[in-house]
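Notes follow the structure.
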Amino acid sequence: MRALPAGHPSLARGFASPPGTLVVLGLAGGVLVPPSAPGPVTFGRNTAEVSVPVGEDDRRVSRRHGVLEHHRDRWWVRATGKVPLRLPESRLLFTGAAPVALPAGYLPLFVHGSRGREHVLEVHVADGRPTVPPVPDGTLDARERLALTVVGQSFLRWEAQPRAVPAERAAAQLALLDPGGDWTPPGVRAALDGVRARFHPASGDDRLLGALLAAAVLVPPDLALLAAEPVPQPRVPDWTQRTVGS
């Protein structure tokens, strides 16, 4: 296996490697397994026991949550954790269930953690197809990416029937994630309209989000933004409680 560093670009943008190569990536890094050395690849919370860490600070994730194995000329995923793995289209894979064959190309796996967190494990089985062209830096600014992640979270989770989160609900969630961002429903719509004008004019939110995922402008690891700690705000003294001479 060859190690990949933390901060490696999302595998949704492709990974140039010989057919049959397995690449697995989490937020803390990952591994590349050539066809001549087929696994197994383990993943879970305990960084000392697994090939690829996932959810290291979340005790709802098992120490060893799953394994990727190679047999019958294919890669397979098997669950070993206390909570099921979620595959695309909301399919659940429980411990003890038969392993599931991985298709060629890109596939995100999800572990639902504590406090609503979604831990993403990216998997790519090389099939010789060209990679997605790299997206120029600065395509989305931080505010746009956060707004699109909230509005498009069901798309990023690869749910069976994804739908954009309405602006009113999105603004409420954004206000919790970014209290200083002055988020309102019109502000959410303005952020989406700015991106729409650059990427996919005259499209509804669902079509816009689908296009952004297809172009790997938005990628499943962006879901980590939904677990971010709120931006700390300066404490304002309550002068109304002060009395003369205090």
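The values are calculated or read from the model by the stated rules, or taken from the named source; none is laboratory data. This is a predicted model, so every value here is computed, not measured. Because the Cβ atoms are built from the backbone with ideal geometry, glycine has one as well, and the counts that use them run over all protein chains shown. Surface accessibility is based on the protein's heavy atoms, side chains included, excluding ligands, DNA and RNA. Shrake-Rupley method; radii C 1.70, N 1.55, O 1.52, S 1.80 Å.
Is there a residue in the range 81-99 that is open to solvent by 30 Å² or more (accessible area, probe 1.4 Å), aliphatic (A, V, I, L, M) and at pLDDT below 95?
No, every residue in the range 81-99 fails to be open to solvent by 30 Å² or more (accessible area, probe 1.4 Å), aliphatic (A, V, I, L, M) and at pLDDT below 95.
Please state which of the following conditions Phe15 fails to meet, knowing it meets all the rest: (1) open to solvent by 50 Å² or more (accessible area, probe 1.4 Å); (2) under 21 Å from Gly105 (Cβ atoms); (3) modelled with pLDDT under 95.
All conditions pass for Phe15, except number (1).
So Ala170 ticks every box in (1) within 16 Å of the chain's Cα centre (by Cα); (2) modelled with pLDDT of 95 or more; (3) not in a loop (DSSP other than H, G, I, E, B) but one. Which box is left unticked?
Evaluating Ala170 over (1) within 16 Å of the chain's Cα centre (by Cα); (2) modelled with pLDDT of 95 or more; (3) not in a loop (DSSP other than H, G, I, E, B) leaves (1) as the failure.
So, in the range 81-114, how many residues would count as being in contact with a Gly (Cβ under 9 Å, 6 or more places away or on another chain), under 27 Å from Ser17 (Cα atoms) and in a loop (DSSP other than H, G, I, E, B)?
Matching residues across the range 81-114 total 1.
So, in the range 189-246, exactly how many residues are open to solvent by 100 Å² or more (accessible area, probe 1.4 Å), more than 20 Å from the chain's Cα centre (by Cα) and modelled with pLDDT of 90 or more?
The total comes to 1.
Counting only residues that are part of a helix (DSSP H, G or I) and over 12 Å from Ala164 (Cβ atoms), how many does the range 197-212 have? Give the steps one after another, and end with the answer.
Of the residues in the range 197-212, the ones part of a helix (DSSP H, G or I) are 197-199, 205-212.
In the following step, the residues that additionally are over 12 Å from Ala164 (Cβ atoms) were identified as 197-199, 211.
Qualifying residue count, the range 197-212: 4.
Go through the range 55-80 and report how many residues are exposed (fewer than 15 other Cβ atoms within 10 Å of the Cβ) and either among the polar types (S, T, N, Q) or part of a loop (DSSP other than H, G, I, E, B) (or both).
The number of residues fulfilling the criteria is 4.
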